[in-house]
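To start, the structure itself, in structure tokens.
The values are calculated or read from the model by the stated rules, or taken from the named source; none is laboratory data. What you see is a predicted model; the values in this text were computed from it and never measured. We place every Cβ from the backbone using ideal geometry, glycine too, and count neighbours over all the protein chains shown. Surface accessibility is based on the protein's heavy atoms, side chains included, excluding ligands, DNA and RNA. Shrake-Rupley method; radii C 1.70, N 1.55, O 1.52, S 1.80 Å.
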Amino acid sequence: MLETSARLLRMLSLLQARRDWTGTELAARLGVTTRTIRADVGRLRGLGYPVEARPGVAGGYRLGTSGALPPLLLDDEEAVAVAVGLRTAAGGSIAGIEETSVRALASCSRCFRPGCAAGSAPLPRTPCRCHRPARGWIPTCGP
């Protein structure tokens, strides 16, 4: 049986992966009882996660929407996909978000597991506002 904090993170990951889960499905996946699932849903709500519950035969749990982003729980392949997307955007493929993409990639790179392919390439150079021509960024200066 998983420790409570690890189980909560695993439950959060499951709720992010699929829209609806029954209590029985979650309990089976996490190796606990449905009573523990109800308690864990309460813990997640206490931490600010908007977990919605519907009672009855067609009921279940889902992660609702809120104004704040919950932490992303990504496997290695998902991390690679995010890194590739941010690197592409940092390269100027989407005008206006190059600098933000570099900052986001730098934030993500601190979280990559050692050996994860997403964190193996060096970060792109940060574009500098002083070299912004009309047609896009020229990433010639930066750290």
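Data table
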| read-out | value |
| --- | --- |
| Among 9-15, 73-79, the order from most to least packed when residues are scored by Cβ within 10 Å on average | 9-15, 73-79 |
| Accessible area per residue, Å², the range 6-45 with all protein chains present, probe 1.4 Å | 53 |
| Spin-label zone in the range 18-40 - amide nitrogen under 17 Å from a point set 7 Å from the Cα of Val57 along the C-beta vector | 22-24 |
| Label-point separation, Arg103 to Asp20 (7 Å along Cα→Cβ), nm | 4.0 |
| Linear extension gain, Glu78 paired with Thr33, 0.36 nm per residue minus alpha-carbon span | 13.2 nm |
| Whether the range 29-70 is rounded, prolate or oblate, judged on the alpha carbon gyration tensor where a/c under 1.5 counts as rounded | oblate |
